[in-house]
Structures are given as C-alpha cells and as structure tokens.
Amino acid sequence: MKVPILNLKRLHNSIKDEIYEAFDDVFSEQHFILGKQVKQLEERVSSYIGTKYAIGVASGTDALLLALKASSYEIYGREHFKSEDEIITTPFTFVATADTILLSGATPVFIDIDPYTYNISPENIGEYLSNNSSKVKAIIPVHLYGQACNMDEIMQTTKQFGVYVIEDVAQAFGGKWKNKKLGNFGIAGCLSFFPTKGLGGFGDGGMIVTNDKTIAEIVDMLRKHGGKDKYNVNILGHNSRLDALQASILLQKLKHVDRWNENKRKIAEVYNTELSGINDIILPVRHNSLPITPVYHQYTIRTKKRDKLQSYLKEKEIQTMVYYPISLHKQKLFEERTKIFGSLKNAELAVKGVLSLPIDPLQTEKETTYIVNMIKEFFV
Ligand SMILES: Cc1ncc(COP(=O)(O)O)c(C=O)c1O
C-alpha cells in the first residue's frame, strides 16, 4: 500500500463536479481580478470566523505582510515599521511568519516554544515584555499544525502592554480556542489558501480577517497599489489581489471544510489510541486536556529515533514530513537580522524529533491501520 502525507487528488475527485461548475461561472463572466466570487468568499469567511471584515489577498505570506503594514499605519500613520520596532514570534514555524516582519521594516524577536504544543510560550512572552514593552509593537502567534496557541494568556499579557496580536492562522483554518474561531482574537488573523492547507485553492491565495475598520480599509488599499481609487494612490501598496477563479474554488471547498476537519479529528483519535505508550513517542497534546478544537493540519509525533523511523516508513511507501528541519534562528537570513530572547532549546529539541504522519480528510481505515502497524513493527 502507498500512502502520501496528503492525498489531494482523491480530495479533488470527490468534489470535482462542483469545482468545474464554479469555474464555468467565472469563465462566462470574464471578471478575474477581485470579481464577485472574491466578495462572496470574503463575506462567507468573515461570517465563518466571526469577524466583521475579510480581505482576500494573493497569499498567506501577503496576508501577514499587509496585516503588519496596516498595523504600522495604525500606530505611526505610515505603512512600514522602523528597524528598532520589534515583533515577537516563534522560531519554529514556516519562514513566511518571520520574513514578513523583516519586509515590514521591523526586527523579529524569537521566543521559545512549549515543548509539547510546539506553540510560542506565553510565559516567555510576558517575561520579555516586562523589560522591553516600549520596543515591541506586535506579536505573531502561530497556531502550528492546526492547534491553537493559548489565546487567553496571550491576549491578557499583550493587553497589559498594549501590543498588537496578529494571528498566523495559515495552518489552522476552522480551529478554535474555547468557542471562538482562530483569527478572531487579535487585531488581524492571516489565512493561507496554499493548496495543501485546510482550505486550499489551486494556487496561491490568502485572506486577512479583522474586526478593526482601519486595518480592513488599509489592507484593502495596500492590496491594490495603495489607493482607494485605482488611479489615485495614497500609500505605498502592492499588487496582491485574490482572483475570482481561486475564490470560486474556495467557495465550494468551504462547504466541506467542517466535515473534512471532523474526519481528521477522528483519524487523530485512532493514532492517539494506537500509538500511545509506544517506545518514546510523544503524541500531539490531546484536545481534551486543552480548551481547543484542533484541525490537525499535521499530526505530528516526536521521537529520538525520528530519522530511522522516517526511513523505515519510506521503505513501506508511507510518506512523512519533517516540519521543520531547521529552526528559523539557525538560518542565515535570520541569524544576522533578528533578536533571540533566552534559550530556544525547545525549538531545537523539536527540530530533532518531530515527524508528521499522513492525515487526510478522506484517509481510509485501512490506510490508518497500515501506518499504525508499520510504526509498531519498527519499534518491536
Ligand atoms: C505557518 C505559516 N505561515 C505562513 C504561511 C504562508 O502562506 P502562503 O504559502 O500562502 O504564502 C504558511 C504556509 O505555507 C505557513 O504554514
């Protein structure tokens, strides 16, 4: 049996008639850039997440960059930070979380993660802010692998110091902290519609969700060169628009996303039961021990025998991935341009041990059993 980490072809085949119909509408209208499907998607996503506004952009990376720039505009009245301005984030994430901080003009400050949730540690944030609050303008918590950060603690700490929270929701579409959807806690939530994401398009795409009118207005300007009017610009903007074809696909997929996430939670429960207590495997934090509704963008285990296990599973035609093999603070770009607070030992530990197993909304019982059996066989 051959099991990819995510079977996008199978997912597509299950809904392809709906997708082709939606495409057809866009082709007939020939309004590809910011067409009516983009507006519809913005309305549906904002009502799904519970925010007042949603603005479609060209990628998750641009969602972060434009949210940062709009925050700078709100703070300073200009669309870029100064290099003395600091933005806190985690070093254990995809590069876009932190390179957008540099692109917005500010300096990233890396703070260590919790060793079990792999998310930024709220205690460390509090500690850093108590001595550096005047420099810090924002924090970007990342809901890694589809598991929520502790938003109670993050919101409480940042409120005390007047720091903006920009949530990186790229991996957690539909996830919740308590009863609230992720993306609805901070000044802005940044979504990615990269094809492998929980709500994925057929190319790049992203969205910013917010309850803040100014942020929504500035992002709307920033995505189209910086003007309210096309030929009369106010600020330095980008060409970062979501297109109608992507929006038409995403509108169809949005109808299925809750069912897909529920399926993934069921597969995760099987892994949780079957892999519990095997050798040194550390399982993802159980959602019954935290007030979260995870979406399992990844199902990630940790073991000291990671590399050997990965090779063994590869021999058995089971695809696994290491997210992430190098912590950002060890990468050349960031080494030279960022600040590190304290030790990043948990991020370094995670890099050495994490392994993401296949988890797919339509993964069959047979596939999950095969994966579990091969992992058990490796550890015998
Ligand atoms: C945590 C995180 N942030 C940001 C991004 C950037 O999203 P995109 O690839 O849509 O630009 C990604 C996606 O790859 C991600 O996983």
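The values are calculated or read from the model by the stated rules, or taken from the named source; none is laboratory data. Note that the structure is predicted; figures quoted are calculated from it, not measured. Reconstructed Cβ throughout: ideal geometry from the backbone, glycine too, with neighbour counts over all protein chains shown.
Which of the residues that make up the range 88-136 are assigned to a helix (DSSP H, G or I) and more than 16 Å from the ligand (Cβ to nearest atom)?
Residues satisfying the conditions are Pro122, Glu123, Asn124, Ile125, Gly126, Glu127, Tyr128, Leu129, Ser130, Asn131, Asn132.
Scanning the range 202-234 for residues that are away from the ligand (no atom under 16 Å from the Cβ) and in a loop (DSSP other than H, G, I, E, B), which turns out surrounded by the most Cβ atoms within 10 Å (Cβ to Cβ)?
Only one residue fits best here, namely Asp212.
Any residue in the range 190-197 that is away from the ligand (no atom under 11 Å from the Cβ) and either on the phi > 0 side of the Ramachandran plot or not charged (D, E, K, R) (or both)?
no
Would you point out which residue out of Glu84, Glu74, Glu79, Glu43 is without any contact (Cβ under 8 Å) to a residue 12 or more places away in the chain and either in the same structural domain as Ala188 (by TED's automatic domain parsing) or part of a loop (DSSP other than H, G, I, E, B) (or both)?
Glu43
Just to verify a result, which residue in the range 137-149, among those that are not in a strand (DSSP E or B) and not polar (S, T, N, Q), is farthest from the ligand (Cβ to nearest atom)?
Here the residue is Ala148.
Can you tell me how many residues within the range 62-91 are aliphatic (A, V, I, L, M) and under 19 Å from Asn132 (Cα atoms)?
Residues meeting the conditions: 3.
Being within 21 Å of the chain's Cα centre (by Cα), of a type in the set (S, T, N, Q) and not in a strand (DSSP E or B) narrows it down to one residue among Asn261, Asn272, Asn279; which is it?
The match here is Asn261.
Would you point out which residue out of Ala58, Ala70, Ala63, Ala54 is under 25 Å from the mean Cα position of the chain (by Cα) and over 16 Å from Leu199 (Cβ atoms)?
Ala70
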